[in-house]
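Comments concern the structure below.
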Amino acid sequence: MNSIVQNLSSESSITKSIIPENSMQQLAELAQRPDFKKLLYVPNINWVILTSCFLSLVAWLILGHLWLNDQVSVGWLVLLSTYTFFIFILTVHEGSHFTMARNKTVNDIVTSMLTFIPYPQMPVLLFRHQHLTHHRDTCGKEDPDDYLYQGNFLVRTFRVFTHDFYWSYWSIKNRNTASKITSVANILGMITYLAILTIGLTSSYWYEFTMLYIIPQRIGIAVAIYMFAYVQHPPEKCEVKEVSPFKTTSVIRGFDSAFAKVYFGQNRHIIHHLYPNMPIYRNWKAWVIGKDILEKQELVNVGLGAESFNKAQKQYTEDNKAVVQNSGSMKVRIDKIETVADGINAYTFKPISSNTILPYFTPGAHIDVEVTSGLIRQYSLCNNPHGDNVYVIAVQKEINGRGGSQQLHDNFKKGDTICISKPRNLFSLKPAEKVLLFAGGIGITPMLSMAWSLHMSNTPFEFHYCIGTRSKWVFKDHWAHLPFSENINVYIDDESHDPVNAVQIMKDNNSADVYVCGPDGFMNFIEKSSSLAGLKDEQFNKESFSNSNAIDKHTKPFTLTIKGRDKSYDIPIDKSIVEVLKEDGVFIPISCENGICGTCKCKVASGNIDHKDLVLNDDEKVNQKLFTPCVSRASGESIEIIL
């Protein structure tokens, strides 16, 4: 059964991936961690930002009162008022990503009510139009913020203080990519704002109006634009996400924890660009959880101590020049051959050059091994995905097989150079609260990498390993040293008459996902047990190899309709819903286009969905009827959605 990550990141994905595949695999791996995935869930109400915005409104009013009564200086008035207006912008920003409230209508209403007075010219619909375009083409030619980097110092300074006017102009200019209500909101918002300015500046209180409203508003916009456009996205350092998604924005170093509190975690703004549907106040915690993966990437470091990070990053980049990330094959050296069971050898592969970094792999992945010229066989990687720079496979010598395993056992020697493919994954782990692993014989190989990943992400799991005889116990000598050995139960047929009670195990863990690999008879037994235990089909996953250049065999064309509209759309197997609707001018907010961020999520009116995303939880899928049209599809012949 193809897994979520396979649908998102492999060469067989029906949706063209904007994010490079190797990066996609690592982001998918990070999104599977339970603690991280919880951060992606949008709360019913974003009380953190809502409270911050409300308190900022109150603080602004109190500051005005104190200044009018000569109880606070002009300097403190401007400084503190500017910060309140900065928070107002963050509130509009959150609303643009639908993270102020889980319900989209409530999200837009709450955001509009909180920010109408400070920023009537920036309705959430307008901000969403330009800002999601910025996310789709950060540092690219279609990025609305590209306008800021043009002209001399004086021109750029003027643009920083008046960028909200340009956003309004930009949205009108690009109205063909926006909904009609967005264009109406844009025009009405600007008319309202100009009316407020006219009334305030022509009244007898024009000075107070300027000091309390115009100056902190303009400086607040300038600070936000400068921080996010020039500090977070320095044009001379950042790159478009097609080249490097980890270099679309900078990482600000120095006073990390304190800065994160004042700046709502945006000193790690990269998290927001990778997972834009995560409330921003959770970005710092997300960085801490995923630091082991994120710190290894190509990052743009600025701030205190940035040079030391850049130096290490430069070395990392030079090392990676030797990696053939996007080619079909690479040469490696056999570093070690070890007999790990009767008739089973483990082979450890290392890069030929010490400066080469092997492509990252996700648990359950396999590689193609060229046994002899023209003879290719697939073997699962069984080592820790986060371990040393090696690949490990275990191969059972099949006397009556097709010859590949025999030749590999007979001919491969330590020190030999062989040709392998980069890792591919048709059997990846899905995010789950608990996992049951069942392995039969040599089928333990992909399960070991899964167990390592589950252990490191603190995901509860049970590992049930079945073998015919003790001599076939793969990696038995290593068993006691595994940090998750207590999770493993071993069943040996010729030593016990008490076989694995798979049905009862699954009944006791009826919400867990099940993974199985082994001989066909063993996998059929576990699959039947899953059915008898009452598990859903989507909870059961078994290992299968297939042509990675082919479209998923389960993918079918279907018909899509939009509630309230007469037209229907034929969705072919090689295009996503978003792609087809875009061709017809139907606007759906999108960002990652890989099912990670949740920006495009829509509601299903009727029909069943084949969910392929990494962001929605069970409640959103089952009870709220949400899905991500950038990667998910109909499981039947038709669906109706609500836009």
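The values are calculated or read from the model by the stated rules, or taken from the named source; none is laboratory data. Given the structure is predicted, the values throughout are model-derived calculations rather than measurements. Here the Cβ is made from the backbone with ideal geometry for all residues, glycine too, and neighbour counts use every protein chain on show. Note: areas computed on protein heavy atoms with side chains; ligands, DNA, RNA excluded. Shrake-Rupley method; radii C 1.70, N 1.55, O 1.52, S 1.80 Å.
Some observations on this one:
- Global geometry of region 422-545, whether rounded, prolate or oblate, following the gyration tensor of its Cα atoms and the 1.5 cut on a/c: rounded
- Global form of region 554-631, assessed from the alpha-carbon gyration tensor, a/c cut-off 1.5: rounded
- The C-alpha atoms of the chain define a longest principal axis, and helix 47-68 lies at about 20 degrees to it.
- Of the cross-linked pairs K414/K542; K422/K542; K563/K601, those separated by over 27 Å at the C-alpha level are K414/K542.
- Between N152 and H481, the modelled labels are 6.8 nm apart [label points 7 Å from Cα along Cα→Cβ].
- Karplus-derived 3J(HN,Hα), 6.51/-1.76/1.60, for each residue of region 248-260, Hz, glycine and proline x: 6, 8, 8, 10, 8, 9, x, 6, 3, 5, 5, 4, 4
- Region 382-458-region 130-199 distance, computed between alpha-carbon centres (Å): 52 Å
- Within the accessible area of the chain (1.4 Å probe), percent carbon and sulfur: 56 percent
- At q = 0.16, 0.22, 0.24 Å⁻¹, base-10 log of I(q)/I(0) for region 167-279 (Debye sum, equal scatterers on each alpha carbon): -1.01, -1.16, -1.21
- Once the chain from N608 to I376 is taken as fully extended at 0.36 nm per residue, the excess over their C-alpha distance is 79.6 nm.
- Nearest-ten-degree value, helix 306-320 long axis tilted from longest Cα axis of the chain: 40 degrees
- Residues whose amide H comes within less than 5 Å of that of L381, counting only those at least five positions distant or on another chain, are A365, H366, I367 (H built at 1.01 Å from N in the peptide plane).
- Stokes-Einstein diffusion coefficient of the chain, Kirkwood radius over Cα pairs, 25 °C, 0.890 mPa s, in µm²/s: 90 µm²/s
- Per-q log10 I(q)/I(0), region 102-231, q = 0.17, 0.18, 0.20 Å⁻¹ (Debye; single scatterer per alpha-carbon; no solvent): -1.00, -1.10, -1.30
- For region 555-595 versus region 245-306, the gap between their alpha-carbon centres in whole angstrom: 33 Å
- Anisotropy class of region 227-307 from Cα gyration tensor, a/c 1.5 cut: rounded
- Scoring 137-146, 193-202, 273-282 by mean Cβ neighbours within 10 Å over their residues and listing the highest first yields 273-282, 137-146, 193-202.
- Protection proxy ranking, highest mean first, for peptides 376-388, 410-422: 376-388, 410-422, where packing is the per-residue count of other beta-carbon atoms within 10 Å, averaged.
- For the chain: accessible area per residue (Å², 1.4 Å): 44 Å²
- Packing, as the average of other Cβ atoms within 10 Å across residues, places the peptides 149-160, 122-133, 180-191 in the order 122-133, 180-191, 149-160, highest first.
- Against the chain, whose longest principal axis comes from its Cα atoms, helix 520-532 is set at around 50 degrees.
- Amide H contacts of F558 (H built 1.01 Å from N, under 5 Å, at least 5 apart or other chain): I571
- The chain: antiparallel DSSP beta bridges as a percent of all, rounded to 5: 60 percent
- Between F54 and N617, full extension at 0.36 nm per residue minus the direct alpha carbon distance yields a gain of 199.7 nm.
- Volume of the Cα convex hull of region 351-509, divided per residue and given in Å³: 147 Å³
- Relative to the compact-globule estimate of 2.2 N^0.38 Å, the Cα radius of gyration of region 169-231 comes out at 1.42.
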